[in-house]
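Accompanying notes for the structure given below.
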Amino acid sequence: MAWWTRNEGEDGGPDPLAQPGDLHELAARNADGAGLYDAGRPEDAVPLFELALAGYRATLGDDDPATLTVAGNLGSACVAAGRWRKGITLITANLADRVRVLGNVDPRTLTARDALATAYRLIGNVDDALALSRLVTADRMRILGPAHPDTLTSRLGMALVTAAVGDVESALTQLTAALDDAEQVHGPQHPHTIALRANVAGCAALLGRWQQATAGFERAAADSAAVLGHQHPDTVALQDDLRNVHDPAYFAIRTGVSV
């Protein structure tokens, strides 16, 4: 599940990347990068985001919302591509810029804070990850509501870091509650619902609850295939999860990489 949106005008306001002339070309380049990221090819998305970011900075300046969006996309893609040090440096700087330009609780600032929490979890900095996850989840629950897609992303991240510190039972409780909210509001085949269902199954597998885990992965894989296709990377990953459902080590929350 991506940390960033292709644009950040989901509240009904104007899309900050919808610009005429040369800016339209830059927006298209950013959209192409987002498409590659969503398709599981972040390493190919990075150069597109770099080109788009250079263009936006030259045209609109460092503090324009469109520039901030593309800078966030680049940081996210670098982390996803395994360029941990560069990605975390970019996301940290982007968060500081969003706080300064947009304010501390603007939805776009919360997106950057959530991305940094995820990056911290992936490198094994679970204490800072958990603190940030709790903060951004509480803010999004209060501002956006419990079932908003951004809130569901934060709730998933908080559960994953809870599992990473060893409290899998609490993580399963958090994920189950988020899944219930997602399914009720968005339906069973919404991407967030599928992701939450898969992670519920993963926690169940970690706890040795094979029947629950198998049923969850089967449902998630079927829904992913219906929405994304059988060959999509997310569907393939879910099918791999199902094949390994009886191996708890396969589902261990892996943290700690060299930066």
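The values are calculated or read from the model by the stated rules, or taken from the named source; none is laboratory data. No experiment lies behind these values; they were computed from the predicted model shown. All Cβ positions, even for glycine, are placed from backbone atoms using ideal geometry, and neighbour counts span all protein chains on display. These accessible areas exclude ligands, DNA and RNA; they are computed on the full protein's heavy atoms, side chains included. Shrake-Rupley method; radii C 1.70, N 1.55, O 1.52, S 1.80 Å.
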* **Length-normalised contact order for the chain - Cα pairs under 8 Å, 6+ apart - percent** => 13
* **Carbon + sulfur, % of accessible area of the range 88-153 - ligands and nucleic acids excluded, 1.4 Å** => 58
* Asked: How many nm is it between the label spots at ASP127 and ALA28, if each spot is 7 Å from the Cα in line with the beta carbon?
  -> 5.0
* To do: Could you provide, to the nearest whole Å², the per residue accessible area of the chain with probe 1.4 Å?
  => 45
* To do: Once you have a ≥ b ≥ c as the square roots of the Cα gyration tensor eigenvalues for the range 169-259, tell me rounded if a/c is under 1.5, and otherwise prolate or oblate according to whether a/b is larger than b/c.
  => rounded
* Structure fact -> In terms of the alpha carbon gyration tensor, root eigenvalues a ≥ b ≥ c, rounded if a/c is under 1.5 and otherwise prolate when a/b exceeds b/c or oblate, the range 21-119 is oblate
* Structure fact -> Membrane-span-like helices (DSSP H runs, Cα span along own axis at least 20 Å, mean Kyte-Doolittle at least 0.5) in the chain -> 65-80, 126-144, 149-164, 191-206
* Structure fact -> Between the alpha carbon centres of the range 218-235 and the range 19-87 the gap in Å comes to 27
* Structure fact -> Over its alpha-carbon atoms, the range 111-176 yields an Rg and a Dmax in Å of 10.8, 29
* To do: Would you mind getting me the FRET efficiency between LEU51 and ASP106? Use the beta-carbon distance for r and R0 = 30 Å, nearest 0.05.
  => 0.70
* Applying 1/(1 + (r/R0)^6) with R0 = 22 Å to the Cβ-Cβ distance of ALA249 and GLN211, what FRET efficiency is obtained, to the nearest 0.05? -> 0.70
* To do: Treat each spin label as a single point 7 Å out from the Cα along the C-beta direction, and report the THR89 to SER170 distance in nm.
  => 3.4
* Structure fact -> Both in Å, the radius of gyration and Dmax of the C-alpha trace of the range 152-205 are 10.2, 31
* Structure fact -> With 0.36 nm assigned to each residue of separation and the Cα-Cα distance removed, ASP62 to ALA96 gains 11.0 nm
* **Within the chain: Cβ-based charge dipole about Cα centre, in debye rounded to nearest 20 (Lys, Arg +1; Asp, Glu -1)** => 540
* To do: Determine, at each q value in 0.12, 0.15 (inverse angstroms), the log₁₀ of I(q)/I(0) that the Debye formula gives when each Cα of the chain is one equal point scatterer.
  => -0.71, -1.11
* How large is the convex hull of the Cα atoms of the range 74-208 per residue, expressed in Å³ as a whole number? -> 104
